[in-house]
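Colleague: Dropping a structure here in structure tokens format, bear with me for questions.
The values are calculated or read from the model by the stated rules, or taken from the named source; none is laboratory data. Since the model is a prediction, treat every value here as computed from it, not as a measurement. Note that we place each Cβ from the backbone using ideal geometry, even for glycine, and neighbour counts take in every protein chain shown.
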Amino acid sequence: MTRPGGFPQRNPAALLAAAAVAGLVLCAVACAPRPDAATRLSLWEQMDPAQQAVLARQLTEFERLHPGVTVETNHFETDKLRTQFQTAGLAGAGPDLVYGPSDQVGPFSIMGLILPLEGLVDPDTLKLFVEAARPGLSGHVYALADQVGNHLTLVYNKALVHEPATDTDLWLRQAKELTRDLDGDGRIDRYGIVMNLTEPFWLVPWLGGFGGWVMDEQGRPTLDTPAQTQALEFMRSIAQSGVIPPNCDYPLMDTLFKQGAAAYAVNGPWSWQSYRDAGIDVGLAVLPRISQSGLYPTPMTAALGYSMSVHVPPARRALVLELLTFLTSARKVAEVSRSLGALPSRIDVAAWPDIAGNAMLHTSWEQLRRGRPMPIVPEMRVIWDVMRTAYQQVLGGAMSPQQAPAWMQAQAVRKIEELRL
Amino acid sequence: MTRNRTALLFLLPALLVLVAVVAWPFAYNIGLSFTNLGLYTIKDGASFVGLRQYARIFREPELWNYLLRTVVWTAVNVFFHVTIGVTLALLLNKPYRGRGIYRALLILPWALPQYIAALSWRGMFNYRYGAVNLLLGKLGVPAVPWFGNEVAAFLAPTITNIWLGFPFMMVVALGGLQSIPQELYEAAELDGAGRWWRLRTITLPLLRPVLLPAVILGTIWTFNNLNVIWLVTNQGEPGDKTHILVTYVYKAAFNYYRYGYAAAFSVLIFFILMGLTWVSYRRSQRPTWA
């Protein structure tokens, strides 16, 4: 029975009570701890599909060894992983383990989002990892890596390049000869070199090869140097020489190399397996010595590993730690190394005959020895941003290689100050 | 009085939800804007810094560029959303075969998740393999390096957002057109009014009350549209030259961890949008037959 334009003639208190009960039931369903919360682990990662497949196999094995335990994974792109973990972590949520490059350890540890591992992992186990595989700050270890390196190397298509170049003069000569319009339509069908012209990660090896670097020991930017100008001039000359496609970014580089439409690519270990899967006969060489300076390029080296969230409840901590040590155990590190061609993070695994005798890994070690570790301080983000801007502007013609270093340095100093305000 | 109290009690749950998801975050954000919350203060707690973050905003050398770019971005997008939307609505308002199919096809961009659409468009703007340059090549136009300079790089997300946004205006305009009494057109026709005259004196004035709220909404959405610029230009490339205010704020918060500063910037954006909405609202109060 309803009054015209009014409410049903029922007791409002009873209705409210019913609504309150319904609300409480909903809340109870939503908020009650799940019975399996202690055995349901979560892991966020930024792996490429090849590595995801390896991880999936490893997690299946872990679940088989631990009946009743499930591990849920969530994939994000590297940058998204950082922001999502940061946001979730600040709200007291997020996964038990987070996997990513060692440079994310800096901000995560400063914000207090990840746990130091030295008190949790057996010290003798920690000693089995190469130093780069135990990234940390202020004397604490905040991650354990399953691979090290993550550095750029010279990748070549053996069907097109018989002997990889050892210096940049020869490299560019070869690249010119290999750049061809194969069908005579006026468009280049095969390029000598493909390289990412939008990300400064691809500029850094040449910066080091001219004797410069991004930061000093105290973490202060050192971008305004003659080496920076030379590195930018070198990259601009390659970009303008026609041996590399205009506006070449990562997807274009990757696609062209996979299609056999590029002779050389400058890329990292994450890409090698996908090139083999695409049917390319891949060869690996160290980045060619810079003819002008006589020095070898110095790609940035890093580690990829697992960190544990501070929000892991004590009831689950032992199990999460078990998962972490399982994923970084000798067998699993070797599996990652064999499947992906990545350098192992453990000293014991590096000595295993099949790994020590692997030609590609050997070249990768050689390149790693010529590289320099990526600083893991949060200020690196500023350095990347200002270098990216200048790199793109120089290659786009909006800034000269002579102007860029001073601009980069001023911007970096200002933005690092802002970061600390 | 009892009736009102009952009504208020029924409103209470909704009110509580509104406080929790709108009022509290808004107040929290304002509070945050007076602190120095950032990477190095987050662990041990931020301190009150008064209006210092607001002062920093006005010392930002690129502020006026970001603001101007945001205004251009909003104006161009909303202009094309309305123009294309109304034109298509006028075409779809006529009876002809296959009208339903055209209508469904034209609504598709709106139905597509913005994230996916933006990334697909980014791929389509690829210099060598992108559909846009391949199409231009077929027309004899040289390939455009879409992300090579700031003008082309800003044009790319603008085109994407125009494509994404016109169906909304089209649907709104179509609804408005269908509510205009046919008799008005018949009377005008009898008086000798031509097609253009009928459009100017009947259709557009009667569409105005329907379109104005949609334009206000469209302006706010476009002004605050983070996804399209962020994804299509890959975080403001080349060289941070394609940022609008919201993408810059996002970068300050999530790339540089400057939460207090970003909160202050968000408050500023809120007031800009509030001003715009107020002006638009006042204009919408004018009589439609003026």
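Colleague: Condition first: touching a residue at least 24 places away in the same chain (Cβ under 8 Å), small (Gly, Ala, Ser) and assigned to a loop (DSSP other than H, G, I, E, B). Now tell me which residues in region A:272-297 satisfy that.
Modeller: A:291, A:293, listed by residue number.
Colleague: Can you find, within region A:396-406, the residue that is surrounded by the fewest Cβ atoms within 10 Å (Cβ to Cβ) among those that are more than 10 Å from every other protein chain (Cβ to nearest Cβ) and free of Cβ contacts under 8 Å to residues at least 60 places away in the same chain?
Modeller: A:400
Colleague: Is it the case that some residue within region B:18-27 is away from every other protein chain (no Cβ under 14 Å), farther than 29 Å from residue B:228 by Cα and not hydroxyl-bearing (Ser, Thr, Tyr)?
Modeller: Yes, because at least one residue in region B:18-27 is away from every other protein chain (no Cβ under 14 Å), farther than 29 Å from residue B:228 by Cα and not hydroxyl-bearing (Ser, Thr, Tyr).
Colleague: Okay, next question. Among the residues of region A:241-266, which ones are more than 11 Å from chain B (Cβ to nearest Cβ) and β-branched (Val, Ile, Thr)?
Modeller: A:243, A:244, A:266
Colleague: Return the residues of region B:180-210 that are closer than 30 Å to residue B:113 by Cα and either loosely packed, with under 14 Cβ neighbours inside 10 Å or without any contact (Cβ under 8 Å) to a residue 12 or more places away in the chain (or both); say none if nothing qualifies.
Modeller: Answer for region B:180-210, where residues must be closer than 30 Å to residue B:113 by Cα and either loosely packed, with under 14 Cβ neighbours inside 10 Å or without any contact (Cβ under 8 Å) to a residue 12 or more places away in the chain (or both): just B:209.
Colleague: Report whether or not residue B:279 is among the aliphatic types (A, V, I, L, M), more than 14 Å from chain A (Cβ to nearest Cβ) and either surrounded by fewer than 19 Cβ atoms within 10 Å (Cβ to Cβ) or over 26 Å from residue A:85 (Cβ atoms) (or both).
Modeller: It is true that residue B:279 is among the aliphatic types (A, V, I, L, M), more than 14 Å from chain A (Cβ to nearest Cβ) and either surrounded by fewer than 19 Cβ atoms within 10 Å (Cβ to Cβ) or over 26 Å from residue A:85 (Cβ atoms) (or both).
Colleague: Considering only region A:342-395, how many residues are away from every other protein chain (no Cβ under 14 Å), of a type in the set (D, E, K, R) and touching a Gly at 6+ places or on another chain (Cβ under 9 Å)?
Modeller: 2
Colleague: Another question, if that's okay. For region A:83-104: of the residues being of a type in the set (Val, Ile, Thr) and in a helix (DSSP H, G or I), which is farthest from the chain's Cα centre (by Cα)?
Modeller: Checked region A:83-104; the qualifying residue farthest from the chain's Cα centre (by Cα) is A:87.
Colleague: I'd like the full set of residues that are assigned to a helix (DSSP H, G or I), touching a residue at least 60 places away in the same chain (Cβ under 8 Å), farther than 25 Å from residue A:394 by Cα and in contact with a Phe, Trp or Tyr (Cβ under 9 Å, 6 or more places away or on another chain), limited to region B:215-244.
Modeller: B:216, B:218, B:222, B:223, B:227, B:228
Colleague: Among the candidates A:87, A:78, A:70, which residue alone is farther than 27 Å from residue A:109 by Cβ and surrounded by fewer than 15 Cβ atoms within 10 Å (Cβ to Cβ)?
Modeller: The conditions single out A:70.
Colleague: Does residue A:71 qualify as being among the β-branched types (Val, Ile, Thr), closer than 25 Å to residue A:369 by Cα and touching a helix residue (DSSP H, G or I) at 6+ places or on another chain (Cβ under 7 Å)?
Modeller: Answer is no for this residue.
Colleague: Something else now. Does region A:312-320 contain at least one residue that is within 14 Å of chain B (Cβ to nearest Cβ) and either outside any loop (DSSP other than H, G, I, E, B) or over 30 Å from residue B:238 (Cβ atoms) (or both)?
Modeller: No, the conditions are met nowhere in region A:312-320.
Colleague: A follow-up question, please. Might you let me know whether region A:105-119 holds any residue that is under 27 Å from the mean Cα position of the chain (by Cα) and on the phi > 0 side of the Ramachandran plot?
Modeller: Within region A:105-119, one or more residues are under 27 Å from the mean Cα position of the chain (by Cα) and on the phi > 0 side of the Ramachandran plot.
Colleague: Let me ask you something else. Residues A:333, A:394, A:386: which one is more than 22 Å from the chain's Cα centre (by Cα), among the hydrophobic types (A, V, I, L, M, F, W, C) and either part of a helix (DSSP H, G or I) or modelled with pLDDT under 90 (or both)?
Modeller: Just one listed residue meets the conditions, A:394.
Colleague: Before we move on, is residue A:46 touching a Gly at 6+ places or on another chain (Cβ under 6 Å), within 28 Å of residue B:255 (Cα to Cα) and either surrounded by fewer than 20 Cβ atoms within 10 Å (Cβ to Cβ) or of a type outside the set (A, V, I, L, M, F, W, C) (or both)?
Modeller: Judged against the criteria, residue A:46 is a match.
Colleague: Return the residues of region B:60-111 that are assigned to a helix (DSSP H, G or I) and aromatic (Phe, Trp, Tyr); say none if nothing qualifies.
Modeller: B:64, B:66, B:73, B:79, B:80, B:102, B:110
Colleague: How many of the residues in region A:120-141 are under 21 Å from the mean Cα position of the chain (by Cα), away from chain B (no Cβ under 14 Å) and either part of a loop (DSSP other than H, G, I, E, B) or touching a residue at least 12 places away in the same chain (Cβ under 8 Å) (or both)?
Modeller: 8
Colleague: Of all residues in region B:154-173, which are away from chain A (no Cβ under 14 Å) and either crowded, with 21+ Cβ neighbours inside 10 Å or not in a helix (DSSP H, G or I) (or both)?
Modeller: Correct list: B:157, B:160, B:161, B:164, B:165, B:166, B:167, B:169, B:170, B:172, B:173.
Colleague: Follow-up question, since we're still on this one. Which of the following residues is within 14 Å of chain A (Cβ to nearest Cβ), among the β-branched types (Val, Ile, Thr) and either more than 18 Å from the chain's Cα centre (by Cα) or outside any helix (DSSP H, G or I) (or both): B:151, B:141?
Modeller: Answer to the check: B:151.
Colleague: Still on this structure, please answer the following. Please verify whether residue A:104 is buried (at least 24 other Cβ atoms within 10 Å of the Cβ), within 14 Å of chain B (Cβ to nearest Cβ), in contact with a Leu (Cβ under 8 Å, 6 or more places away or on another chain) and among the polar types (S, T, N, Q), treating the condition exactly as stated.
Modeller: Taking the combined requirement at face value, the residue satisfies it.
Condition check ((1) modelled with pLDDT under 95; (2) closer than 21 Å to residue A:347 by Cα; (3) touching a Ser or Thr at 6+ places or on another chain (Cβ under 9 Å)) across all residues:
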residue	(1), (2), (3)
A:88	yes, no, yes
A:92	yes, no, no
A:96	no, no, yes
A:101	yes, yes, yes
A:108	yes, no, yes
A:112	yes, no, no
A:123	yes, yes, no
A:126	yes, yes, no
